[in-house]
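Written below as structure tokens is the structure these notes are about.
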Amino acid sequence: MPWRGPEVEGERPTLGYYVLDWMIANLAQPGRDDGEPFVPTQEEADFLLGFYELHPVTGKRLIHRALLSRPRGWGKSPFVGAIALAEACADVVPDGFDASGEPVGRPWHSLRTPLVRVAAVTEQQTDNTWIPLLEMARGRELSTDYGLDVLDTVIYLPRGEVSPITSSATSTKGDPACFASLDQTEEWKESNGGVRLAKVMRMNAAKLGGSIIETPNAFTPGEGSVAEKSAADYQAILEGRSKARGILVDHREAPPDTDMSDEESLVAGLRYAYGDSSDHPDGCVLHDPPCPPGWSPIERLTSEFWDTSNEPQDLRADLLNQITHAADAWWSAPEVRAVSDLAKEVVAGERITLGFDGSRKRSRGVTDATALMGCRLSDGHLFTIGVWEQPKDWKPPPGGDPREGWQVPVLEVLAAVAEAFATYDVIGFYADPAKWESHVADWEAAWGPRLKVQATRTHPIEWWMTGGRATLIVRALAKFDTAITERELTIDGSSAFVRHLLNSRRRMSRSGLQIMKAHPDSPDKIDAAVAAILAWQCRLDAIAAGVAVEEEEMFGGTF
């Protein structure tokens with residue numbers, strides 16, 4: 001029979017409750033020699049419910065790939081070690097619903113020889129999970145009840161095994177692991193074999209309906225780590241740029257306005273990031289009623305921020321779990337999140353400026369995006385009108401020339417521009433005309449005379465971001481950078497806009513710092529950031545021309 005249906009709002013079918021009970025009944029708490037049971041925290045229990053969620057009709061697992069991101073010391077490694085033991089021994093393979101409509105499972109060994117892997121790029125990293133896993137397996141009656149032979153380097157099952165594996169292994173390609181944990185994937189890169197190992201482990205699990213869990217700390221954008229690629233895969237799904245399914249991302253970080261120089265703000269940020277593991281005397285502040293006090297020494301961690309030998313960016317990533325920025329990034333993720341305001345809404349008829357940066361197609365690599373951004377005159381709120389990007393999984397149509405790349409839907413872009421003029425009171429429009437010269441000329445003919453602020457008399461919309469205008473470009477970038485750092489503007493927080501801001505890199509030219517992609521063929525685009533800079537500069541020029549004063553006089557308010 002099918003699932004019984006939700007008994008409380010938000011309930012969904014899952015084997016997570018069973019796995020939670022199994023862990024408490026069978027696993028020992030690592031680091032203890034008294035046989036105390038391993039009891040997952042509320043945060044860990046919530047993750048289990050999501051990871052083992054089932055389809056209410058088919059009863060199949062919905063999640064095959066998960067990313068659990070928490071700060072160092074939160075307890076990711078012991079927790080994923082407990083999951084590895086459950087995958088090796090417990091009834092985690094969905095087997096329909098019982099007569100009461102409750103989900104039931106069966107063990108992997110009823111289907112095939114279960115192989116469970118604890119993977120990392122170095123042996124030292126595998127120890128993070130492997131050592132507490134051994135302690136959990138040896139501490140209670142698990143060995144006797146399930147026939148485990150627990151050795152220092154491998155756990156033999158009656159059928160199958162649990163073992164650590166590194167990127168130096170040569171036999172992973174054909175290794176049919178039903179479950180694998182991938183630890184510290186923010187450090188898994190091409191150079192150390194981590195990207196290849198992750199790809200192989202995912203493919204192995206997919207072949208037999210298995211699953212993997214990554215447990216990274218905050219990654220550094222631009223390094224190409226496995227954690228960064230996995231987060232990008234998930235974001236592409238949310239944005240509709242990928243048809244992939246079955247990815248669970250559970251990431252918690254300190255609020256973006258956490259002030260590392262203010263002890264009260266810092267402690268609050270650390271307590272939020274560490275959640276249930278925080279040693280807050282009143283218990284975890286994330287749940288009601290609060291959880292018991294955890295083990296992470298928050299007051300001790302604050303002292304690391306006063307040690308001048310520590311790099312602030314490392315502290316943000318390791319302890320606040322904040323995804324910050326590459327060394328040459330224009331803006332950090334906390335800076336961008338700090339100016340995000342999802343509650344603001346720009347309504348029809350409001351005075352705005354527009355910014356546009358376009359592309360067409362390219363025969364090699366990923367085509368640059370095309371972006372149309374708006375900026376409200378009254379308060380400088382930047383919002384996304386349209387961002388057209390090559391879909392992540394785009395392929396040439398059947399019979400199409402594989403040398404022909406994806407093309408921007410020009411008609412959609414033109415319609416969006418026309419709709420923006422019809423919807424809002426557009427008082428200025430700056431557009432980089434590269435590859436769109438004829439269309440920019442048409443826009444100037446159609447709307448140029450009505451614009452209250454113009455780039456030049458002869459070309460009211462045309463605003464080149466290349467060529468001989470380097471000094472103007474550098475100045476515009478500097479003004480936009482100041483507006484972000486000083487929080488003089490807000491943004492709508494749209495995923496594409498935020499991603500393009502974080503993709504932007506600083507590059508020194510003869511005239512000063514300019515904005516560029518990580519490299520010319522980078523698939524990580526910045527066009528929405530460029531369009532936003534143009535919209536912001538147009539607003540500044542409107543204010544300088546007195547247009548803002550006109551608005552104040554028109555509506556009798558204060559600006």
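Quick rundown of the values:
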quantity: Among the candidates 197, 182, residue that is buried (at least 18 other Cβ atoms within 10 Å of the Cβ) and in a strand (DSSP E or B); calculated: 182
quantity: Single condition residue 348 does not satisfy, out of (1) farther than 30 Å from residue 417 by Cα; (2) in contact (Cβ under 8 Å) with a residue 12 or more places away in the chain; (3) of a type outside the set (Val, Ile, Thr); (4) outside any helix (DSSP H, G or I); calculated: (1)
quantity: Any hit, segment 62-77, residues being over 22 Å from the mean Cα position of the chain (by Cα), crowded, with 21+ Cβ neighbours inside 10 Å and not aromatic (Phe, Trp, Tyr); calculated: no
quantity: Selection status of residue 308, part of a loop (DSSP other than H, G, I, E, B), under 30 Å from residue 387 (Cβ atoms) and at pLDDT below 90; calculated: no
quantity: Selected residue (only one of 501, 472, 414, 513 is of a type in the set (A, V, I, L, M, F, W, C), assigned by TED's automatic domain parsing to the domain that holds residue 535 and not in a helix (DSSP H, G or I)); calculated: 513
quantity: Residue match in segment 17-24 (condition: surrounded by fewer than 20 Cβ atoms within 10 Å (Cβ to Cβ), within 25 Å of residue 160 (Cβ to Cβ) and without any contact (Cβ under 8 Å) to a residue 24 or more places away in the chain); calculated: yes
quantity: Residue in segment 38-49 that is within 17 Å of residue 93 (Cα to Cα), under 25 Å from the mean Cα position of the chain (by Cα) and of a type outside the set (D, E, K, R) present; calculated: yes
quantity: Unique match (being surrounded by fewer than 21 Cβ atoms within 10 Å (Cβ to Cβ), closer than 27 Å to residue 347 by Cβ and not β-branched (Val, Ile, Thr)) among 412, 437; calculated: 412
quantity: Search result, residues across segment 516-528 that are modelled with pLDDT of 80 or more, part of a loop (DSSP other than H, G, I, E, B) and aliphatic (A, V, I, L, M); calculated: 526
quantity: Selected residue (criterion: farthest from residue 39 (Cα to Cα)) from residues of segment 286-299 that are touching a Ser or Thr at 6+ places or on another chain (Cβ under 8 Å) and modelled with pLDDT under 90; calculated: 296
quantity: Criterion violated by residue 41 - all others in (1) in contact with a Ser or Thr (Cβ under 9 Å, 6 or more places away or on another chain); (2) within 24 Å of residue 230 (Cα to Cα) satisfied; calculated: (2)
quantity: In segment 103-125, the residues that are in a helix (DSSP H, G or I) and at pLDDT below 90; calculated: 123, 124, 125
quantity: Subset of segment 128-159 (residues that are surrounded by fewer than 17 Cβ atoms within 10 Å (Cβ to Cβ), charged (D, E, K, R) and assigned to a helix (DSSP H, G or I)); calculated: 138, 145
quantity: Those residues of segment 2-23 which are modelled with pLDDT under 95 and on the phi < 0 side of the Ramachandran plot, in sequence order; calculated: 2, 3, 4, 6, 7, 8, 9, 11, 12
quantity: Condition broken by residue 254, with the remaining ones in (1) under 30 Å from residue 266 (Cβ atoms); (2) surrounded by fewer than 19 Cβ atoms within 10 Å (Cβ to Cβ) satisfied; calculated: (2)
quantity: Check on residue 82, out of contact with any His (no Cβ under 8 Å at 6 or more places or on another chain) and either over 26 Å from residue 229 (Cα atoms) or in the same structural domain as residue 278 (by TED's automatic domain parsing) (or both); calculated: no
quantity: Which numbered condition residue 210 misses (of (1) within 21 Å of the chain's Cα centre (by Cα); (2) over 25 Å from residue 37 (Cβ atoms); (3) buried (at least 23 other Cβ atoms within 10 Å of the Cβ)); calculated: (1)
quantity: Lone qualifier among 99, 177, 84 - being surrounded by 15 or more Cβ atoms within 10 Å (Cβ to Cβ) and part of a loop (DSSP other than H, G, I, E, B); calculated: 177
quantity: Hits in segment 200-235 - residues which are under 15 Å from residue 125 (Cβ atoms), outside any loop (DSSP other than H, G, I, E, B) and touching a strand residue (DSSP E or B) at 6+ places or on another chain (Cβ under 6 Å); calculated: 201, 213, 214, 215
quantity: The lone exception for residue 442 - which of (1) in contact with a strand residue (DSSP E or B) (Cβ under 8 Å, 6 or more places away or on another chain); (2) over 22 Å from residue 536 (Cα atoms) it fails; calculated: (1)
quantity: Residue within segment 24-41 that is in a helix (DSSP H, G or I), in the same structural domain as residue 136 (by TED's automatic domain parsing) and of a type outside the set (Gly, Ala, Ser) present; calculated: no
quantity: Which numbered condition residue 482 misses (of (1) surrounded by fewer than 16 Cβ atoms within 10 Å (Cβ to Cβ); (2) touching a helix residue (DSSP H, G or I) at 6+ places or on another chain (Cβ under 8 Å)); calculated: (2)
quantity: Matching entry among 458, 466, 482 (being in a helix (DSSP H, G or I) and outside the structural domain of residue 241 (by TED's automatic domain parsing)); calculated: 482
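The values are calculated or read from the model by the stated rules, or taken from the named source; none is laboratory data. In this text, all values refer to a predicted model and were calculated from it rather than measured experimentally. We place every Cβ from the backbone using ideal geometry, glycine too, and count neighbours over all the protein chains shown.
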